[in-house]
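**Student:** Sharing a structure with you now.
The values are calculated or read from the model by the stated rules, or taken from the named source; none is laboratory data. In this text, all values refer to a predicted model and were calculated from it rather than measured experimentally. Neighbour counts are summed over all protein chains in view; Cβ atoms, including those assigned to glycine, are modelled from backbone coordinates with ideal geometry. All accessible areas refer to the heavy atoms of the entire protein, side chains included, with ligands and DNA or RNA removed. Shrake-Rupley method; radii C 1.70, N 1.55, O 1.52, S 1.80 Å.
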2 protein chains.
Amino acid sequence: MEGYKLFLAFLASALLLGFLSVVFALLWVLHYREGLGWNGGSAEFNWHPVLMITGFVFIQGIAIIVYRLPWTWKCSKFLMKLIHAGLHTIALTLAIISLVAVFDFHNAQNIPNMYSLHSWIGLTAVILYALQLVLGFVVFLLPFTPTSLRTALMPIHTYSGLLIFGTVIATALMGITEKLIFSLNIIPYRDSPKEAIFVNVLGVLIVAYGAVIMWMATRPHWKRPLEHVFQTHQRIGEGFSEEDCHNPDLEISSDGAARKRNPKSDETGQRSTM
Amino acid sequence: MEGYKLFLAFLASALLLGFLSVVFALLWVLHYREGLGWNGGSAEFNWHPVLMITGFVFIQGIAIIVYRLPWTWKCSKFLMKLIHAGLHTIALTLAIISLVAVFDFHNAQNIPNMYSLHSWIGLTAVILYALQLVLGFVVFLLPFTPTSLRTALMPIHTYSGLLIFGTVIATALMGITEKLIFSLNIIPYRDSPKEAIFVNVLGVLIVAYGAVIMWMATRPHWKRPLEHVFQTHQRIGEGFSEEDCHNPDLEISSDGAARKRNPKSDETGQRSTM
């Protein structure tokens, strides 16, 4: 892999920034706010930022770059597709629970739903994310989809994925802004209480995490090497075993990265243009 | 050009969405707010959204895709670089005036500066944008910069440009959220007065504009064809004439798009990987 050490540095940064974002979100609600609960009150609302940042930001970001981890290149593409789809499914599940929490809180407190730009953009992003997941499953995981359709849809799938991820981050920033304005009463947001500074830093961490993921996801030389996809596509329904992580077409180089022996027979149409 | 009609459809959509965003921003401040002025009051603040949306969103977006307009492919790369840099300079100038307006308003009204996440991310974006412009000028317009450095920095330049553009849109959404919460007093934001719906639509228009620009900027088959860059680099300081829009290496096809006659002698290292 070209720039393997640099890749590792970016990956470590992404993991650190993502992990810190989740820790900051937890500290925000546990230390500065009312903690976590499921009682229609503020503690229930607090699941919203925690689950969104954990699932819809951190896990979604990891799902996006999972193909790029060089030690997975010896695993079959099919297995990696399952992991990619699985992580996105976990992210979507957490996002939906997070939405239930905020609707429940609004209803219990007689606060209208869906009035803010945050809610408009955010709900659209969740719906598009679910559609992307279903469409991705049908097109790229089910065996009967023609290769020509996969080829045509892959650039759209990649673009949509990154666009939704960016939009989710923008929505998180709007949500943080709203929540700080609404909830800082004793010392208002404009007077920069400690909580405001702390949560602004959370916002910066989320942006930095998004920037690192976007960089990793758009470097062409960090793409998973080409392989025999048709072979793996045919295996759907057969389950997978340890052999899914021993691809005879790939050899591992001294830097720990897998390289392609025979790049000719290949999944050209399966690869992103980003 | 592959997909010329589709390109035109995207371009028309981008222009329409960008134009509508500017119109909506103007209607917001002129119809729903205190209009425009320079008196330390709300009318001065109102220059902030108008100039940011006009310059830092609309014009920045056009500057990003200006190389992709097929009818400019017969113009020299040098001329197009000047137009690209010129549009970004206009965008930066409007952003700076817009910042002066908001700082001036805050100071006149005794509102603290730089307390919000919107201001943290937004000011960082303006500073990075200015650095990107200066670095872009030094690396890609001055004739003495080694080609190897240009080659190395082009992917970073492209990535940074798109990242800043996306961040600016996220910042605009935060700004809209803040302003609606702060300024809607008679009927609050949560009760969805007409102004809230109108400005939420403005937010959606901005996101849609960003999505269209991002799609256009990342389609590899819509890139400007390759050409003799060294020839045009050498011409810096010589000025340019009508001949800058007649490149003998390019021929115009029946669909109005320019195509490369000789793709070998070329600016490989000058081209984005996005």
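**Student:** How about the stretch B:113-123: which of its residues are farther than 18 Å from B:Leu94 by Cβ and polar (S, T, N, Q)?
**Tutor:** Within the stretch B:113-123, B:Asn113, B:Ser116 meet the criteria.
**Student:** Of all residues in the stretch A:30-46, which are under 18 Å from A:Gly175 (Cα atoms) and either aromatic (Phe, Trp, Tyr) or in contact with a strand residue (DSSP E or B) (Cβ under 6 Å, 6 or more places away or on another chain) (or both)?
**Tutor:** Within the stretch A:30-46, A:Tyr32, A:Phe45 qualify.
**Student:** State whether one or more residues within the stretch A:142-150 are more than 13 Å from chain B (Cβ to nearest Cβ) and within 18 Å of the chain's Cα centre (by Cα).
**Tutor:** Checked against the condition, which is being more than 13 Å from chain B (Cβ to nearest Cβ) and within 18 Å of the chain's Cα centre (by Cα), the stretch A:142-150 yields no hits at all.
**Student:** If you don't mind, there's one more thing I want to ask. Does A:Ser21 count as touching a His at 6+ places or on another chain (Cβ under 7 Å), surrounded by 21 or more Cβ atoms within 10 Å (Cβ to Cβ), part of a helix (DSSP H, G or I) and at pLDDT 95 or above?
**Tutor:** No; evaluated as a whole, the condition is false for this residue.
**Student:** Is one or more of the residues making up the stretch A:31-48 open to solvent by less than 20 Å² (accessible area, probe 1.4 Å) and closer than 25 Å to A:Met216 by Cβ?
**Tutor:** No: the stretch A:31-48 contains no residue that is open to solvent by less than 20 Å² (accessible area, probe 1.4 Å) and closer than 25 Å to A:Met216 by Cβ.
**Student:** So if I check each of A:Ile83, A:Ile59, A:Ile64, which one is among the aliphatic types (A, V, I, L, M) and under 25 Å from A:Val199 (Cα atoms)?
**Tutor:** A:Ile59
**Student:** Condition first: at pLDDT 95 or above, among the small types (Gly, Ala, Ser), touching a Gly at 6+ places or on another chain (Cβ under 7 Å) and on the phi < 0 side of the Ramachandran plot. Can you find one or more residues in the stretch A:42-55 that meet it?
**Tutor:** yes
**Student:** Still on this structure, I have one more. What are the pairs with Cβ atoms under 9 angstrom where one residue, in the stretch B:193-214, is farther than 18 Å from A:Gly161 by Cβ and at the interface with chain A (Cβ under 8 Å from one of its Cβ atoms) and the other, located anywhere, is part of a helix (DSSP H, G or I) and of a type in the set (D, E, K, R)? Sequence gap at least six, or different chains.
**Tutor:** So the pair list comes out as B:Ala196/B:Arg190; B:Val199/B:Lys179.
**Student:** If we keep just the residues of the stretch A:108-135 that are among the small types (Gly, Ala, Ser) and not in a loop (DSSP other than H, G, I, E, B), which is surrounded by the most Cβ atoms within 10 Å (Cβ to Cβ)?
**Tutor:** A:Gly122
**Student:** Moving on to the next point. Could you count how many residues in the stretch B:136-152 are part of a helix (DSSP H, G or I) and surrounded by 14 or more Cβ atoms within 10 Å (Cβ to Cβ)?
**Tutor:** Residues that pass the stated criteria total 8.
**Student:** While we're here: Tell me the residue from A:Ile65, A:Ile53, A:Ile96 that is open to solvent by 60 Å² or more (accessible area, probe 1.4 Å) and touching a helix residue (DSSP H, G or I) at 6+ places or on another chain (Cβ under 8 Å), please.
**Tutor:** Exactly one residue qualifies, and that residue is A:Ile96.
**Student:** Still on this structure, please answer the following. Residues to consider are B:Ile127, B:Ile111, B:Ile156, B:Ile121; find the one that is farther than 22 Å from B:His48 by Cβ and of a type in the set (A, V, I, L, M, F, W, C).
**Tutor:** Checking each option against the conditions leaves just B:Ile156.
**Student:** Quick check, is B:Leu8 without any contact (Cβ under 8 Å) to a residue 24 or more places away in the chain and not in a helix (DSSP H, G or I)?
**Tutor:** In short, no.
**Student:** In this structure, does B:Leu163 turn out to be among the aliphatic types (A, V, I, L, M), within 8 Å of another protein chain (Cβ to nearest Cβ), in a helix (DSSP H, G or I) and open to solvent by 30 Å² or more (accessible area, probe 1.4 Å)?
**Tutor:** yes
**Student:** When you scan the stretch B:170-188, do you find a residue that is over 23 Å from B:Leu205 (Cα atoms) and either at the interface with chain A (Cβ under 8 Å from one of its Cβ atoms) or hydrophobic (A, V, I, L, M, F, W, C) (or both), even just one?
**Tutor:** Looking through the stretch B:170-188, at least one residue is over 23 Å from B:Leu205 (Cα atoms) and either at the interface with chain A (Cβ under 8 Å from one of its Cβ atoms) or hydrophobic (A, V, I, L, M, F, W, C) (or both).
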